[in-house]
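Structure first, then comments.
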Amino acid sequence: MKYTRKEFFVKTIQSVAVIAVPSLLTSVLESCNNNINGPGNPGSTLANVQGTLSNGQVTVNIDSSSPIAKTGTAAMVNFSNGSLLVDHPSGTSFNALSSICTHQGCQINSYDSGSSQFVCNCHGSRFDVNGNVVQGPAGSPLQKYATQVLNNQLIIKVG
Ligand code: FES
């Protein structure tokens, strides 16, 4: 079969497209996937701990049965109005942070114990235990709340 110049040109472009488009799509999708997961350890899903909200304070049991009793641990504290990220760096010292990512509002529920960072698995933002952004795309810190320990109870002031 003989082709005109125009037909030959069109056939050539179609052949190149059939070969190049799937390869290009694969490359673009892999690139997006990397952005979603972000580099580094995605962390482990946090243990859930129940807290009680009363008079602007969330109270959490931290006796030896609590997942955040030991130093170096972290958990998600759930209460009637929401959830908080809590870590226990030492002694009676605790950090309590908003669990809502400042990027696009996903709930953060992972903790990388190796780097002591909370990880948002929607797009890979990472926050230190004071709520500061360690890695974007988030551009603002997580809100931090004051804490106090009293008689095996952690009190987080949210109001
Ligand atoms: S919502 Fe995008 S990184 Fe958390």
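Values quoted throughout were computed directly from the atomic coordinates according to the rules given, and no laboratory measurement underlies them. Predicted, not measured: the structure shown is a model, and the values here were computed from it. All Cβ positions, glycine included, derive from the backbone under ideal geometry; neighbour counts span all protein chains shown.
Tabulated results
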{"quantity": "Order by protection proxy (mean Cβ within 10 Å, highest first), peptides 84-94, 56-66", "calculated": "84-94, 56-66"}
{"quantity": "Distant-in-sequence amide H partners of Gln153 (H built 1.01 Å from N, under 5 Å)", "calculated": "Ile62"}
{"quantity": "Under-5 Å amide H pairs with Val158, H placed in peptide plane, nonlocal only", "calculated": "Gln57, Val58"}
{"quantity": "Ser65/Lys144 FRET efficiency (R0 35 Å; Cβ-Cβ; nearest 0.05)", "calculated": "0.85"}
{"quantity": "Amide H within-cut-off set for Gln143, under 5 Å, with H built and near neighbours excluded", "calculated": "Ser98"}
{"quantity": "Two-decimal Rg/Rh across segment 44-157, once Rg and the Kirkwood Rh are taken from alpha-carbon atoms", "calculated": "0.94"}
{"quantity": "In order through segment 135-152: 3J(HN,Hα) via Karplus (6.51 cos²θ - 1.76 cosθ + 1.60), integer Hz, x for Gly, Pro", "calculated": "8, x, x, 4, x, 10, x, 7, 5, 10, 10, 5, 10, 8, 10, 8, 6, 6"}
